[in-house]
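Undergrad: Before I ask anything, let me first share the structure, which is written out below as structure tokens.
Each value in this text was obtained by applying a stated rule to the coordinates, not by laboratory testing. What you see is a predicted model, and the numbers here were worked out from it, not measured in a lab. Here the Cβ positions follow ideal geometry from the backbone for every residue, glycine too, while neighbour counts run over all protein chains shown.
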Amino acid sequence: DLPPLYIITPTYRRAEQIAELTRLAHTLMLVPNVYWLVIEDASKRTPFVTQLLEDAGIRYEHLLAPMPDEYKNKKSMPKGVSNRNKGLSWIRSHATEGVLYFADDDNTYDLDIFCQMRFTKRVSMWPVGLITKLGVSSPVVKNGVFSGFYDGWIAGRKFPVDMAGFAVSVRFLLQRPNASMPFRAGYEEDGFLRSLHPFEPNEIELLASNCSKILVWHTQTKKNQPSQPLDVVKYGSTNIA
Ligand code: UDP
Ligand code: MN
């Protein structure tokens, strides 16, 4: 049997939410042995999200993890951090093997990346497209060997990578009981990957043909200001609070 994939998806209530989650659900419906951990930045489950999860027929957990008030409406918010930490603690108490991946609700995923990440022993990485002015963020590989990072915002980070560009073995995580994601905008990935110590960049498992292919894109949905609620047609009422 294939090792399970734990897909941790932070999400929050807004006009685009059901559209984003529909697209991601339809991707994950094509992935075998998946647990979808959908974690809302909210204090109550959004019924439309529950219904979408039921309709998708994927194994899922619908969890809640509101952003602490102190970080809300700041110029740079640590978006999705309480959600992802909730997902990590769920994995710590329910999972024993497999691989975890942080999949934001708005990105675009080629199915091949799920095949490739499934056998991660420690931490695997690959390029992410459509991010920063450079258009790509990736480990740099020379002669098959890790030789650095290419990213539009290095900012003193030891691991200057995007959330969508790495996966972690569940066993490796469980051996690191203190690993978590910091509430520090811009440093979420770096802080989490540093918290997996001992782990060094030269130990990264390089996927996507030695990081030469883009299988994940950091797409972002234009904010809409609909005059009509967008999910009326699908679920019969509005998803806007
Ligand atoms: N998110 C959240 N609460 C927020 C803002 C974002 O839970 O207040 C989630 C969002 O649904 C996404 C992730 O956190 O899965 C990252 O947010 P976003 O895609 O807006 O960030 P960016 O594309 O700017 O990195
Ligand atoms: Mn995003």
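Undergrad: Among TYR71, TYR12, TYR6, which is closer than 27 Å to GLY186 by Cα and within 15 Å of ligand 2 (Cβ to nearest atom)?
TA: Unique residue meeting the criteria: TYR12.
Undergrad: Step by step: first the residues of segment 1-17, then only those that are farther than 15 Å from ALA167 by Cα and more than 12 Å from ligand 1 (Cβ to nearest atom), then the one that is surrounded by the fewest Cβ atoms within 10 Å (Cβ to Cβ). Which residue is that? Before the answer, list the steps.
TA: Step one: of segment 1-17, the residues farther than 15 Å from ALA167 by Cα are 1-2, 10-17.
Next, from what is left, pick out any that are more than 12 Å from ligand 1 (Cβ to nearest atom): 1-2, 15.
On the way: ASP1: 5, LEU2: 12, ALA15: 17.
Here the answer is ASP1.
Undergrad: Moving on. Against the condition outside any helix (DSSP H, G or I), touching a helix residue (DSSP H, G or I) at 6+ places or on another chain (Cβ under 9 Å) and surrounded by 14 or more Cβ atoms within 10 Å (Cβ to Cβ), how does PRO177 come out, does it pass? Talk me through it step by step, then tell me what you get.
TA: Details: outside any helix (DSSP H, G or I): yes; touching a helix residue (DSSP H, G or I) at 6+ places or on another chain (Cβ under 9 Å): yes; surrounded by 14 or more Cβ atoms within 10 Å (Cβ to Cβ): no.
So PRO177 fails the test.
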